[in-house]
Amino acid sequence: MLKFKTIVSLLVITLIYSCATNPFTGKKTMALVPNSDLFPTSFAQYNQFLSEHKVVTGTKDAQMITRVGERIAAASERWLNANGYHGYLNDYKWEYHLVDDKTENAWCMPGGKIVFYTGILPVAKNETGVAVIMGHEVAHALANHGQQRMSAGMLQQFGAVAGNVVLQNESDRNLFNQYYGVGSQVGVMLPFSRSHETEADKIGLYIMAVAGYDPTEAAALWQRMKANSAGGAPPEILSTHPSNDSRIANLRALAPSAIAEAKKFGVTKFRE
Ligand SMILES: [Zn+2]
C-alpha cells in the first residue's frame, strides 16, 4: 500500500506536469487532461449535439454567425502570433453554427466549436452584439477555462489523477458534459468563476476589437442581458454569466485599451 506521503508527492508531480500557461495572462493553470485528449471528445460531443438539433443554414442570420466566427478566429490567431504564441491554435478546428432553439444561449467548446441559439439573437440585437458574445465565449476556450474547471472537478471527485486521462468511458464523458454544459439536455453547467469571467471579458474585448468590431458596444450588450433578466425567464446564458453593474462598468473602463490594442493591428475604424 502506498504511504500517504508517496500519494501526496505523486499528486504534486501530477500537478506540476499538468500545468499549462495561459498566453493572455502568463499564469500557470491546471490542465489534468491535455488538449490532445480533450479536443477529440469535444469534437465528438459537438457533432452529436448538431445531429440532435436543428442547424440553421443559408439564412442571413446563419451567414452572420459564420462571418463573425471567422473574423473572431482570425483575430485570435493574429493576436496570438503577434504575442509570440505561434502554433497555439494548431489543434483547433473552428466551426460556427446557428441552431433553431428559443434558448437564450451561446457557447464555445474546446478546440473552437461554437454554437449560437436563435433565441439569443434578439438580445445580441446586431452583428456587433454577436461579436461581443462570440469574443467572450471564444475567450473562455482560448484560456482553457473549462479545462481548468474540469481538472478541479476531477481532483475533487477522484483525488489524484495520475498520467493522461483519456475520456473514453461514460462517467468521464458525463464529467465533460457537466463542465462544458453542452446544451440544456445535458443539464448543469457550472458557472464560471468571477476571475474567469473578468478574464474572458477582457480577452473577448481585445479580439472583437482586432476583428474590427466596436468594443464600446460590449457594455451595452451586457446591459441588455441584465434588463432582459428582470421579469419573466432570464436568459440561460445568465445562469453562468451573471450580468451586474460591476461587470458592465469594468467593460466600459476596458474599452479604450481594446481600441488601443486594435490600433496595433491597423484597425482604426470599426464596422457599422
Ligand atoms: Zn463567460
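Just so you know, all these numbers are worked out from the coordinates, no wet-lab data involved. Treat the numbers as computed from the prediction; the structure is a model and nothing was measured. As a convention, Cβ positions derive from the backbone with ideal geometry for all residues, glycine included, and neighbour counts pool all protein chains shown.
Here are some notes:
- Sorted by Cβ density within 10 Å, fewest first, the residues 53, 136: 53, 136
- Coupling constants for segment 97-103 follow from the phi torsions by the Karplus curve (6.51 cos²θ - 1.76 cosθ + 1.60, θ = phi - 60°), and in residue order they are 9, 9, 10, 7, 7, 6, 4 Hz; glycine and proline get x.
- Computed 3J(HN,Hα) for segment 73-78, one whole-Hz value per residue from the Karplus formula 6.51 cos²θ - 1.76 cosθ + 1.60 where θ = phi - 60°, is 5, 5, 5, 4, 5, 4, glycine and proline marked x.
- Bridgeable aspartates and glutamates around residue 264 (alpha carbons under 16 Å apart, same-chain partners fewer than 8 residues away excluded): 77, 214.
- At R0 = 25 Å, FRET efficiency that the Cβ-Cβ distance of residue 70 and residue 252 yields, to 0.05: 0.35
- Full extension of the segment from residue 54 to residue 244, taken as 0.36 nm per residue of separation minus the current Cα-Cα distance, would add 65.2 nm.
- Note on residue 25 and residue 44: the model spin-label points, each 7 Å out from Cα along the C-beta direction, lie 3.1 nm apart.
- Taking amide H positions as modeled 1.01 Å from N, with prolines and chain starts lacking one, the residues under 5 Å from residue 56 and 5 or more places away or on another chain are 98, 99, 100.
- Among the listed pairs 93/226; 125/202; 54/269; 28/93; 28/113, those beyond 27 Å (Cα-Cα): 93/226; 54/269
- Maximal additional length on extending the residue 93-residue 265 stretch stands at 59.5 nm, based on 0.36 nm per residue less the C-alpha distance.
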